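The block underneath contains the structure these notes are about, expressed in C-alpha cells.
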Amino acid sequence: MDSVLGIFAGVGHVIELVFGYVESHHWIFGFVLIGYLFYLHDRSLHARFDALDKRIDEVRKRLAIDY
C-alpha cells in the first residue's frame, strides 16, 4: 500500500512541477499559440487564393472553348 501511495505522491509532484513551470513561463506558450494562429490563418488564406485560381482557370478554359 505504501508503494501505491508513493506512486500517487510522485505523480502529484510531477504535476505540481509542470504547473509551476507553466506559471513562470506562460509567455512562451503565448508566443507558440499566437504563431500557430497565424499559421492557421495563413493556410486558410492560401487555400482561398488557390480555390480562386482554380475557378479563374476554369473560366478561362470555358472562354477559350467558346471561341
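The values are calculated or read from the model by the stated rules, or taken from the named source; none is laboratory data. As the structure is a prediction and not an experimental result, all values here were calculated from the model. Reconstructed Cβ throughout: ideal geometry from the backbone, glycine too, with neighbour counts over all protein chains shown. What goes into the accessible areas is simple: the full protein's heavy atoms, side chains included, and nothing from ligands, DNA or RNA. Shrake-Rupley method; radii C 1.70, N 1.55, O 1.52, S 1.80 Å.
More than 21 Å from the chain's Cα centre (by Cα) and modelled with pLDDT of 90 or more: is that true of Leu17 in this structure?
Working: more than 21 Å from the chain's Cα centre (by Cα): yes; modelled with pLDDT of 90 or more: yes.
Spelling it out, Leu17 is indeed more than 21 Å from the chain's Cα centre (by Cα) and modelled with pLDDT of 90 or more.
Test Ser3 against the stated conditions and say whether it is at pLDDT below 90 and either surrounded by 10 or more Cβ atoms within 10 Å (Cβ to Cβ) or in a helix (DSSP H, G or I) (or both). Break it down into steps so the answer makes sense when it comes.
Details: at pLDDT below 90: yes; either surrounded by 10 or more Cβ atoms within 10 Å (Cβ to Cβ) or in a helix (DSSP H, G or I) (or both): yes.
So Ser3 fits the description; yes.
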Query - Long-range neighbours under 8 Å by Cβ, at least six apart or interchain, first residue in contact (Cβ under 8 Å) with a residue 12 or more places away in the chain and of a type in the set (D, E, K, R) within the stretch 2-16, second open to solvent by 80 Å² or more (accessible area, probe 1.4 Å) and in a helix (DSSP H, G or I) - result: none
